[in-house]
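Below is one structure, written out as structure tokens, with a few remarks after it.
The values are calculated or read from the model by the stated rules, or taken from the named source; none is laboratory data. Since we're looking at a predicted model, the values are computed, not measured. Note that each Cβ is placed from the backbone with ideal geometry, even for glycine, and that neighbours are counted across all protein chains shown. Ligands, DNA and RNA are stripped out before the accessible areas are found, and what is left, the full protein with its side chains, is counted by its heavy atoms. Shrake-Rupley method; radii C 1.70, N 1.55, O 1.52, S 1.80 Å.
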Amino acid sequence: MARRILVIGASASGIEAAAAARKKDRTAEIILITQEKTAGYSRCGLPFVIGGHIPTFRDLVVYPQAFFQMLKLDLRTQTKATVINPKDKTLTIQTKENSTQTLPYDVLVIATGAEPFMPPIKGKEKPGIHSLRNIEDGEKIDAAIKAGAKSALIMGAGLIGLELSAGLVERGLKVTVVEMLPQILPQFLDADMAKLVQQHLEEKGIKILLNNVVEEFLGETKISAVKVSGEVIEADLIISAFGVRASTKLAVEAGIALGETQAIKTNGRMETEIKDVYAVGDCAEAPSLITHRPTCAQLGTIAVREGKVAGINAGGDYSLFGGVLASAVTQLFDIQAANTGLTQTVAQRNRIEVITGTVSSKTRASYFPGAKPIKIKLIVEKESQRIIGAQIVGGEEVTQRINCLSFAIQQGMTIQELAKADTAYAPPLCETWEPMVLAAEMILMKLR
């Protein structure tokens with residue numbers, strides 16, 4: 001008899017899990033369940049539709065209906081998973097017709113993702129606060145712009161908040177960003193590198209208020225202003241970008257254990273503490289490759305890797321997830337920013353003694369037209385002298401450099417080895433001395 005594999009969630013990790021399971025088990029019945037109308041689209045592209053770089057939200061669909069048909073995946077949209085019963089190995093669902101069904105399973109994959117987080121701020125129950133987590137959210141923001149919105153207040157200066165800020169400016173809005181911490185991108189960059197990004201955003205017209213707290217949402221029937229550290233700021237669009245939290249309600253109600261990050265606890269196979277139940281993506285935790293402690297980085301690249309591992313195991317084969325470096329990159333107007341491994345701040349928080357090296361250079365020979373600035377920061381663990389983190393901010397050529405440094409960290413490369421790297425050179429493409437090597441040499445001088 002064919003096995004039944006149920007997957008809750010049809011975003012990056014859920015679809016990857018279902019596809020990987022199908023490749024290992026050609027006969028299994030595989031059912032994907034999602035509350036959304038649209039499955040298999042890129043959430044990461046949402047701010048860039050709003051900014052006008054991508055024509056429509058439908059262009060974000062990566063997996064069309066034909067994909068699910070080809071792999072014989074039973075996709076059920078607008079369907080809500082309501083109860084997991086691990087003892088009986090059943091999942092109760094509510095269909096879009098509001099009927100209730102109970103589905104038995106042999107293997108269950110939880111890919112419920114994450115939900116926007118809203119702090120306990122006075123007036124938050126009033127209508128008028130937008131977030132950007134799915135296509136419907138994006139369509140509402142886009143509709144507000146088309147209806148005549150001229151100003152926006154964005155609460156939170158993380159990646160999504162700033163990508164959305166840039167998109168709104170590109171659509172002609174006046175944008176203010178409020179952040180309670182003393183820097184933008186606090187989970188992504190150290191303060192010295194974040195300052196470069198902030199300066200660029202301010203040059204483009206974004207007003208950034210650091211060390212400011214959102215105290216109250218104001219308005220009678222609808223929010224029209226926000227009280228920020230005693231000052232009232234009015235805006236046509238009020239957008240919450242405080243971040244997201246792992247969506248774990250289903251798992252908790254089923255008795256599935258959470259870990260120290262408050263995401264679902266998993267082992268090396270992405271299996272929870274309950275046999276035949278896996279968890280992947282933004283709702284699951286996995287170990288850091290550097291600290292070996294559980295982390296929940298909530299990046300699409302991590303989600304698909306975890307999904308593939310869980311799917312292979314769900315399909316009857318064997319696979320292990322290697323761990324997380326949380327490499328990420330973004331573009332904001334004309335500047336690119338990237339990170340891999342630990343920031344200096346996070347390393348110190350984990351009581352890791354580090355040495356850093358920072359170098360400013362150009363992306364091409366300085367005399368070649370079009371050369372753009374680039375700054376690279378390396379973080380090295382002092383005792384072992386191994387690279388444990390890197391950050392890059394520059395006008396171009398950032399992604400593949402951060403990928404290179406990610407490879408270096410994964411291979412345990414020391415700073416001495418990086419300083420001896422054999423790198424390429426041509427005036428229209430790069431400087432004679434690769435900036436990563438120069439940053440490594442700076443750290444070697446400090447070590448001496």
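What is the mean projected area of the alpha carbon convex hull for the range 143-210, to one decimal in square nanometres? It would help to have the intermediate numbers written out before the result.
On the way: hull surface 16.6 nm².
If you wrap the Cα atoms of the range 143-210 in a convex hull and average its projections, you get 4.1 nm².
Please report the base-10 log of the normalised intensity I(q)/I(0) for the range 332-416, using a Debye sum with one equal scatterer per alpha carbon and no solvent, at each q in 0.15, 0.17 (1/Å).
-0.56, -0.69
Give the Rg/Rh ratio for the range 66-217, taking Rg as the radius of gyration of the Cα atoms and Rh as the Kirkwood radius, to two decimals. Could you put the intermediate results ahead of the total?
Values: Rg = 20.8 Å, Rh = 19.0 Å.
Ratio of gyration radius to Kirkwood radius: 1.09.
Where does the chain land at 222 nm, in deg cm²/dmol rounded to the nearest 500, when only DSSP H runs of n ≥ 4 count, each adding -39500 (n - 2.57), divided by all residues? Don't skip to the answer; put the middle values down first.
Details: 12 runs with 117 residues, N = 448.
The helix contribution divided over the chain gives -7500 deg cm²/dmol.
Can you compute the charge dipole magnitude of the chain about its Cα centre, using +1 on each Lys and Arg Cβ and -1 on each Asp and Glu Cβ, nothing else charged? Give it in debye, rounded to the nearest 20. If you can, show how the numbers build up before the last one.
Details: 50 positive and 48 negative charges, 91 e Å.
Rounded to the nearest 20 debye, it is 440 debye.
Name the lysines eligible as straight-distance cross-link partners of LYS275: C-alpha to C-alpha under 22 Å, and not fewer than 8 places from it in the same chain.
Correct list for LYS275: LYS23, LYS24, LYS87, LYS89, LYS249, LYS265, LYS308.
Pulled fully out, how much extra length does the chain show between THR102 and GLU139, if you take 0.36 nm times their separation in residues and subtract their Cα-Cα distance?
Numbers: separation 37, 0.36 × 37 = 13.32 nm, distance 3.31 nm.
Computed gain between THR102 and GLU139 is 10.0 nm.
Considering only protein heavy atoms, with the full assembly of protein chains and a 1.4 angstrom probe, order HIS53, HIS200 by accessible area, largest first. Provide the component values of the computation, followed by the final result.
On the way: HIS53 115, HIS200 30 Å².
The ranking, largest first, comes out as HIS53, HIS200.
State the three equivalent ellipsoid semi-axes of the chain, derived from the C-alpha gyration tensor as the square roots of 5 times its eigenvalues, in descending order and whole Å.
Details: eigenvalues 272, 184, 83 Å².
After scaling each eigenvalue by five and taking roots: 37, 30, 20 Å.
Of VAL83, LEU185, LEU218, which is farthest along the charge dipole of the chain in the positive direction, counting Lys and Arg as +1 and Asp and Glu as -1 at C-beta?
Projecting each Cα onto the dipole axis, the largest value belongs to VAL83.
May I ask you to list the lysines whose Cα is less than 30 Å away from that of LYS150, ignoring any residue fewer than eight positions away on the same chain?
Straight-line reach from LYS150, under 30 Å: LYS37, LYS122, LYS124, LYS126, LYS140, LYS174, LYS195, LYS204, LYS207, LYS222, LYS227.
Starting from the range 38-130, pick out the trypsin sites (Lys or Arg not before Pro) whose DSSP state is loop and whose Cβ has at most 13 other Cβ atoms within 10 Å.
Numbers: sites: ARG43, ARG58, LYS72, ARG76, LYS80, LYS87, LYS89, LYS96, LYS122, LYS124; in loops: LYS72, LYS87, LYS89, LYS96, LYS124.
Counting only loop positions with at most 13 other Cβ atoms within 10 Å, the trypsin sites (Lys or Arg not before Pro) in the range 38-130 are LYS72, LYS87, LYS96.
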